Amino acid sequence: SDHMENIYGYLMKYTNLVTGWQYRFFVLNNDAGLLEYFVNEQSRHLKPRGTLQLAGAVISPSDEDSHTFTVNAASGEQYKLRATDAKERQHWVSRLQICTQHHTEAIGKNNPPLKSRSFSLASQGSANSPGVQRRPSQNAVSFFSVGHHRLPAGKRVPIMQPDHLVDVREMMSQAEGQQRDLIRSIECLPVSGHLTSLDQDLLMLKATSMATMNCLNDCFHILQLQHASQQKGSLPAGTTISWLEPKISLANHFKNGAAQNFPAEINKPASVREEQSIAEPCELTREPEEINPDEELEDICDDKEDDLGAVEEQRSVILHLLSQLKLGMDLTRVVLPTFILEKRSLLEMYADFMSHPDLFIAITNGTTPEERMIRFVEYYLTSFHEGRKGAIAKKPYNPIIGETFHCSWRMPKSDVAADAGSNFPAHSPSEQVNLSKDVEGQAELDYYTVKFVAEQVSHHPPVSGFYAECVERKMCVNAHVWTKSKFLGMSIGVTMVGEGILSLLEHGEEYTFSLPCAYARSILTVPWVELGGKVNINCAKTGYSASINFHTKPFYGGKLHRVTGEVKQNATNTVVCRVQGEWNSVLEFTYSNGETKYVDLTKLTVTRKRVRPLEKQGPFESRRLWQHVTESLRDGDIDKATEHKRALEERQRNEERLRAETETPWCTKYFLKDGDGWVYHKPLWKTVSAAQTQQTDTN
């Protein structure tokens, strides 16, 4: 048949995140049932760069556009390809499907279906047995042999009857038992020798087998729903059949293969019962609480995350997690294992970006719009270094809806004037006194106070609002951030969707800014963090803007954590300052007058934040809310930390379910919805405006 002709031509092939799409010359060999590709047509006589067996493969046109399609081989290998147009895609897809069907049926005729499935793990034997002394090329999957059923050609699948579902459930129970036997058999292998229980192939086998059982459980549940709908005639309006949460808890089902059993409710620690019994947040007072900075004490907590610790010990759980994820998958609703958490909430991480309050306060000291924009860029670029706790990439706690975090910083006025870290002079002491006296009731102090408050205003999507102000200097910053995380293969990308606004009320200026993306790289070895993407800072009133690029490291060569940027006067398109360097090391600022300044972030003074003691914090303040998880992580007790974390998350789910059933909207405490964003309920610009109005009326 002419439909079985060999075809060839150029297609684009997706290689990886670094290289992206590349043109390759593809050949469909119908006789051999192979799809081969070469670098170009001239190298066709050489050995193919890659080959896929088409027997048992699945050819899938993509929904993302009319040009892309995938070839998923039975071996698990996948080619993501793109034709020049829809017509060419259809030509390749139809020819590939015909070839695939032909060779799949040929294999079926030569290999009649087995009457039953067989699961076997090779005999462990002694260290000298053939099962242990495998060939280097022999992979661990060969120890696990599975036969498959095949339906006779031309027969349709009958509608499942109740007794069939019972049979399926029984078969799945048997499979689950055999999967547990498999895990135990692997765990019984010696810890040293040619084949060990820590063999990477066997760890992957454990991970994928568990993921397969989770998937089968989901499929069985969908079959039950479909059967119920057939019995009733149709599903109720609005009902959707969707994939469920994993049936087997990632973090707790196995610890290196051993089953984990948590104590019953009656035996749970008092702290866990307390976490589960805290009242519904909307039943608590939602009135904003005024925090007295005098109650706050200098923070003595210093949780650096430089130790791999449990990450090394839990490699099998990481492999298990990876086996459940797909490229580009949204991780918002994925429950990650506890041992990858750092010991602070995301809300506190936002506060740690303010660890150089001297540079923050010094922004408004700039005598010209140009100086103020440059100072803001300087502060912005120095904020990320302290926001990261150590070199190891770990994830902060996902804030519970309604969770809040409060802190403040005290900065001696002399330090801001002398050590603002800028080339420009600060306000004179007399000017500072006058500005401080502008605020009604403000006693004259020898330090500035920067107050910070953050609140988790939404759970799905996860949105945080945070606000900071320095009343004495009439400046504040308001921001909302929606964290969107995606699985990217051997890394995880987090997009920070949202906007911040810095208000300098003394000058009547507003600076809008965004945040870069963050990436956790090398998640199977030593995970590390890098920032990437372009951010913009704009001041509409003055016409100054800044464009900053956080560069991700190229695959070959290049520096880590590189950042470049420039500050412009938009009206004349004049560059007034350029910056380059590393956002966690040394930054170089070059000004329009030819002067150059270097800022070594590792030598900048970090001002410790001030936080109220736990006993004075409310039940939904971050440190008190997560205190038992944090204590367990510090003690290295991952199981106990997981138990406390699960209790908090379960309570949040129950409360969310109750609100949905009673149609009760969530009430925020400190932030109000404003269009697509969130604004602090009592921003400084309102307070100052009201005070000025009152003073005018008095005069």
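The values are calculated or read from the model by the stated rules, or taken from the named source; none is laboratory data. Predicted, not measured: the structure shown is a model, and the values here were computed from it. Don't worry about glycine lacking a Cβ; one is built from the backbone with ideal geometry, like all the others, and counts go over all protein chains shown. Surface accessibility is based on the protein's heavy atoms, side chains included, excluding ligands, DNA and RNA. Shrake-Rupley method; radii C 1.70, N 1.55, O 1.52, S 1.80 Å.
Annotations for the structure displayed:
- The fraction of accessible area contributed by carbon and sulfur in region 7-110 is 48 percent, rounded to a whole number (1.4 Å probe; ligands and nucleic acids excluded).
- R0 of 45 Å, Cβ-Cβ distance Lys47-Met171: FRET efficiency to nearest 0.05: 0.55
- Per-residue ³J(HN,Hα) for region 577-589, Karplus 6.51 cos²θ - 1.76 cosθ + 1.60, θ = phi - 60°, Hz, x for Gly and Pro: 7, 10, 9, 8, x, 10, 5, 10, 9, 10, 10, 10, 10
- Note that region 7-110 presents 55 Å² accessible area per residue, ligands and nucleic acids not counted, probe 1.4 Å.
- The gain in end-to-end length when the Glu64 to Thr664 segment is fully stretched comes to 212.3 nm, 0.36 nm per residue minus the alpha carbon separation.
- Structural size metrics of region 556-686, computed from C-alpha coordinates, are Rg and Dmax of 23.6, 65 Å.
- Net lengthening on full extension, Tyr447/Glu631 (0.36 nm per residue, minus Cα-Cα): 62.9 nm
- Legend: residue pairs Lys534/Lys616; Lys394/Lys534; Lys343/Lys568, Cα-Cα distance threshold 31 Å; pairs beyond threshold, Lys534/Lys616; Lys343/Lys568.
- Using θ = phi - 60° in the Karplus curve 6.51 cos²θ - 1.76 cosθ + 1.60, the 3J(HN,Hα) couplings for region 591-602 round to 9, 5, 7, x, 6, 10, 10, 10, 10, 8, 5, 6 Hz; x is entered for Gly and Pro.
- Spin-label zone in region 358-383 - amide nitrogen under 11 Å from a point set 7 Å from the Cα of Ser592 along the C-beta vector: 369-371
- For region 347-356, putting each phi into the Karplus relation 6.51 cos²θ - 1.76 cosθ + 1.60 with θ = phi - 60° gives couplings of 5, 6, 4, 4, 5, 5, 5, 9, 6, 10 Hz, in residue order, rounded to whole numbers and with x for Gly and Pro.
- Legend: Rg and Dmax of region 7-110, from Cα coordinates, 13.3, 43 Å.
- Computed from the Cβ-Cβ distance with R0 of 22 Å, the FRET efficiency linking Ser75 to Glu187 stands at 0.20.
- Separation between Cα centres of region 460-526 and region 22-94, rounded to whole Å: 41 Å
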